[in-house]
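See below for the structure under consideration.
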Amino acid sequence: MLVPDLKRAPRAGFEQVTGATRAAPLHSPHDRLQEAVGLAEAIDLHVIESLLVPVANPRPATLFGTGKVESLKALIAAHDIALVIIDHPVSPIQQRNLERAWNAKVLDRTGLILEIFGRRARTKEGRLQVELAHLSYQKGRLVRTWTHLERQRGGYGFLGGPGEAQIELDRRMIDERIMAIRKELEVVVRTRELHRKGRRRVPYPVVAIVGYTNAGKSTLFNRITGAEVFAKHQLFATLDPTMREVRLKSGRRIILSDTVGFISDLPTMLVAAFRATLEEVIEADLILHVRDISQPETDSQARDVEAVLTDLGIDTLAADAPILEVWNKIDLLSPVTREQAMSAARWSERPPALVSAVTGEGIDALLGDIDRRLGRGDAILELVIPVHEGRLLNWLYEEAEVLAREALDNGEVRARVRVAAEKKERLLAQARRAGAALTPV
């Protein structure tokens, strides 16, 4: 595992702690190395050596300098290494030259992430999206990267005309498969849109969980919903999206959606391939941005997630952005760090929710925050319910939040309730049917 340490200028970024902004740090070289090893282990690769390699001037032909290529060649030969992973974009020419120099297969960061996605995909949709991204990536590698592509071959009909180069045949076959996958994914997009229209008719608000990979999104999803979505301390443990209905204290029902994790330098082709899935995020009424607050690189990871959301057309810096930050894994913080996090949360312009998805701490407060964010248009009403209209009272407990209840001397019940905007008309209809007196508060 090689992580090139390029001498580059820091990225622009912002960090909200006490209302002030400051430049966000780059991922440290050590953190990048640790993450790269985690990516390799995510598909059960045995990492023999992991090195940070200083690169002052990237070489177009080999990325690394001649001396470094030779020293790495000796190391690779000594350990009989068959696969070298470079945690950095590697051009087809660089890949070919390094494979020849080292006599080993070379895989860059994009290729490794694609391999992980290929292993994790479970649904037909997920497999199609991964295959599309993989083919788009592979198509760019057909520049005499392998020796078998240099030979000429004859053919008939769709197999290629006389003298067609193998490289052209392979490229044409990839193009044809890409077109076929895109047609299949168009069906997926239409199906998802039909499902969204169905939910809008109900209508239930959609709350999408996003975050850096391994931030604890699936554990949080399971904690809130009681589901058993695969959750593991592993990068990209979840790939296929999952949705569950959740009922909040107010009686509001929501659809909670768990999504694929983001990562720094997420390949553009993956964002494009998974757009059908990520449209659930675009269409969401509220986005929960889950952060691993115990991770030293949490601020940089947050910037990476926000960059992907921005690519999807979501203005993360807008004051009214439908985003609620969830600072997860507070159970892993020391008492001092925990107090610092709580202080930062109190002074934040957009206060986050501090939780532990593992222990359940802070989950009730988070659900309350979600309820309040979604309930800004709620109506508070007071009803006097006739004696024999227990059915209406039961509906109020099922579909709204009963704030106060009082039994009157004549047997009627006075109830003060909060009802979601989308259910107000249904409540009014129920009240008219029951002959209940109703007044706004």
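Descriptive notes on the structure:
- Between residue 141 and residue 93, residue separation times 0.36 nm minus the direct Cα-Cα distance comes to 16.4 nm.
- Stretching the chain fully between residue 119 and residue 59 yields a gain of 18.4 nm (0.36 nm per residue, less the alpha carbon separation).
- Cross-link table 73/139; 68/139; 183/424; 68/329, entries beyond 31 Å C-alpha to C-alpha: 183/424; 68/329
- Debye-sum result for segment 77-118 in log10 I(q)/I(0), which assumes one identical scatterer on each alpha carbon, at q = 0.18, 0.25, 0.26, 0.27 Å⁻¹: -0.50, -0.86, -0.90, -0.94
- Sites residue 30 and residue 265 - FRET efficiency at Förster radius 25 Å, r taken between beta-carbons, to 0.05: 0.90
- Here the simple spin-label model places points 7 Å from the Cα toward Cβ, and for residue 282 and residue 195 these points are separated by 1.6 nm.
- Our estimate of slack between residue 78 and residue 188, defined as 0.36 nm per intervening residue step minus the Cα-Cα distance, is 34.7 nm.
FYI, it's all coordinate maths here, none of it is from the lab. What you see is a predicted model; the values in this text were computed from it and never measured. Ideal geometry is used to build each Cβ from the backbone, glycine not excepted, and the neighbour counts take in all protein chains shown.
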